[in-house]
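All of the numbers you see were taken from the coordinates with simple rules; none came from a lab. Worth saying up front: this structure is predicted, and the values here are computed from it rather than measured. A quick note on method: Cβ atoms are made from the backbone with ideal geometry, for glycine too, and the neighbour counts reach across all protein chains shown.
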Amino acid sequence: MTDLPLADNFPAADREVWLDLVEKTLKGADFEKRLITTTYDELKLQPLYGQSQEAALPGKTGAGWAILQRADIPTIEEANTQALRDLEAGASGLTLLIAGHGGPSGFGVEATSIADFDRLLDGVYLEMIPLRLDAGAKTADAAAALLGLYEKRGLDASEADIALGHDPIGQFALHGAAVDETPLPGVPAGGALTTFQADGRTFHNAGASEAQELAAALASAVTYLRWLEAAGSTIDDAVRQVSMVLSVDADMFLSAAKLRAARLLWARVQDAMELSPHPLKLHAEASWRMMSKRDPHVNLLRATAATFAAATAGADSLTMLPFTSAIGLPDRFARRMARNVQLVLSEESRLGHVADPAAGSGYMDAMAHELAADAWRRFQAIEADGGIVAALSSGALQGEIAETRQARARNIAKRKDALTGVSEFPHLAESPAEVLAPLEAPAARPQNTLSAYRVAEPFEALRDAADAAGTRPKVFLANLGPVAAFTARATWAANVFEAGGIEALQNDGFESAEAAAAAFAQSGADIAILCSSDEVYETLGADTAKAIGEAGAQHVYLAGRPSDTLSAAGVGTFVYAGCDILAVLNGAHELLGVA
C-alpha cells in the first residue's frame, strides 16, 4: 500500500504500453525523427527515461557553489572598487583577469607586481574568499606576484582556496606558444591551492562538442599530472594540484550532464592510477560562444539556464558572464545581474542547499554516462596519438573541432539551432545596451590554432550592415487571401528577413494580384515575398509573382516549398523551414546593395 491510495487504482507504468500509445499518436510517423534528438557527439537523447538508482556524484559535497565575480576593469583602482562592491553584494570570491590573458573578452586589470595586486585587493580579506587567476601567457609572473602578496600580508597561501590557472597547453592551442612543461616555481603545496588548470573553455569556444571539450580537458589534466610527477611530486599530491574549467551554455541539461561526466572521468583516471579518490576541483564559466550582441537581455535567460546547469551538476564555483560581455566591458548593472542570477537560484530556489539536485534523474545520469564513455574513447585516441600536445601539433584535434563547428554553423544557418533575439524573434528597434568600453576586434591568430567565436556572429554581421546602410532595407510582404491563410507564413517571413536587418512591410492582405502589385509599387521596397497558404498560391501565386515583377521588384521570394509553376511565373527564391536562411539573407543583402 502506498501513501497515496489513489495510485493503487492504476496499473504500474510500463514502457511497452507507453510505446504503443506513442505509436498510435504518431500515426505512422518515424519515431526516431520525431522524438529522438541527436547531439553533435551523435548521442541519442530519448524522449523518456526511467528513474535512476545512481549514487550521488563522486566528489560532490553539498556545500553549494562559490559565486565568483570577474575583476577585469583595466584601471586598478576602479577594479578594486568594483571587486569590493561585488563582494559586499553577495559574490563569494573573485576571478582576476589580468591584461593580456588572451581570452575572447579582451579586458583585464593592468596588474603585474606585488604592489599592483596589493592595490587591486586592498580591503579584501584574502583568507576568507576563493580566488581564480586568469592571466594567460602572463600566469607565471602574475602567480608569483599574487603569492607574494599573501606572504606580504602574513598569510599561508598553501591553506588558501586559490586556482593559479597555469595552462600552457591552452596557450599552445590558442597562440601556438612554446609548451613549457615546468610547473610554476615557488608554489606551496597543500590545502585548496591548485597550480595547473585544464581549461575546456579553449576548446568549447572554438566550437567543440561536449565530448570533445571533456576529452581535451581530461587529456590536458592527465598531461599536467605527468609533468608534476616528472618534477618530483608524488602522483597523490599531483592530483590535488590540477583543477578543471568547463563551459556551461543555454543547453541546460546537456551542460549539466557534461559537468557530471567530468567528475566520473576524473574518478576513472584516479581508479586507473590506483589512487584514493580525490574530488575534482571543478569551475564552470558561462559560454562565450552562446553570448549575443543583439537583444543582449536574452543573455540573462541564457545565463539562468547555464547557472542552473552548473548548480545541478556539482560545480564548485561559477563565473557568469555579464549579459553585455559580447558588446564591451560590462557596467555595474550588468555585473550585478550576473551575480544576482546565481544568488536567486542558490538562496531563493535553494539549489545551493541540496547535495546533488540532479540525483535520481534517469535522463541526467544516462547522458552523463554516455558523454563520459564517448569522452573517454576520444581521450584514449588522443593518448594513443602521443597526447594532447601531439594532437594539437599535428592539427588533428583542431580538425575534429572544426568539423563540429561547421556542422553547428549549418544548423544555425537553417535555424535548426535557434538563437532567440538573433535568428529568431529579432527586434529591430532595440535600444543599445550601455558598457564601460566597447569590445575591440580580436587579434589575428597564427595558423592551426584555435580561435574563439560566438555562434550569433553571422546574423549579427548582417544586422550591422543593414543598420549602417543609411536607409534601412525593406521587404514587402505580399500577403494573399484571407487573414487566416497568410498570417502564419507572413509572421514567419517577417521574422526571417528582420533577422538580417531587413524591415518587413506588413499589410492586411490582398485579394488580387493587381492590388498586391499596386501596393508594392507604393511601398518603397525593392524586393517582395509572397505569403499565404498552398491553396491560395494555386490560384493567386503565379499571377501575383508576375505582377510584382512587372511592378519593379528586383527579386520575388515566396514563403513555401519550391514549385516549378511558381518559378516559371517569376519567383526567384523559395523560403521555408529547413532552408539555408543565412544564404537567403546574404543574397538579399547583395540584391539590395548592402555592403
* Virtual spin-label span in nm between residue 44 and residue 25, 7 Å along Cα→Cβ -> 1.9
* Structure fact -> Checked against a 20 Å limit on the C-alpha separation, the offending pairs among 24/416; 258/281; 44/416 are 24/416
* Asked: Against the longest principal axis of the chain, how steep is helix 298-313, in degrees 0 to 90 to the nearest 10, with axes from Cα atoms?
  -> 40
* To do: With everything on Cα atoms, drop me the angle between helix 15-26 and the longest principal axis of the chain, reported from 0 to 90° to the nearest 10.
  => 30
* Quick one: net charge of residue 513's neighbours, Cβ under 12 Å, K/R +1, D/E -1? -> -3
* Asked: With each pseudo-label sitting 7 Å past Cα toward Cβ, what's the residue 184-residue 113 distance in nm, one decimal?
  -> 2.0
* Per Stokes-Einstein, at 4 °C and 1.567 mPa s, what whole-number D in µm² s⁻¹ belongs to the range 466-592, with the Kirkwood radius over Cα pairs as the hydrodynamic radius? -> 92
* Structure fact -> Treating only Lys and Arg (+1) and Asp and Glu (-1) as charged, each at its beta carbon, one finds that the chain has a dipole about its Cα centre, in Debye to the nearest 20, of 260
* Structure fact -> With a Förster distance of 30 angstrom and the Cβ-Cβ distance between residue 192 and residue 444, calculated FRET efficiency to the nearest 0.05 equals 0.20
* To do: Taking the chain as the reference, fit the longest principal axis to its C-alpha atoms, fit the long axis of helix 210-230 to the helix C-alpha atoms, and give the angle between the two in degrees, 0 to 90, nearest 10.
  => 20
* Packing rank of 332-340, 272-280, where each peptide gets the mean count of other beta carbons within 10 Å, highest leading -> 332-340, 272-280
* Structure fact -> Two pseudo-spin positions, 7 Å from Cα along C-beta at residue 521 and at residue 333, lie apart in nanometres by 4.8
* Asked: How many percent of DSSP beta bridges within the chain run antiparallel, rounded to 5?
  -> 10
* Starting with the highest mean, order 578-584, 44-50 by the number of other Cβ atoms within 10 Å, averaged over the residues of each peptide. => 578-584, 44-50
* **Share of pairwise Cα separations in the chain, more than 30 Å, in percent** => 58
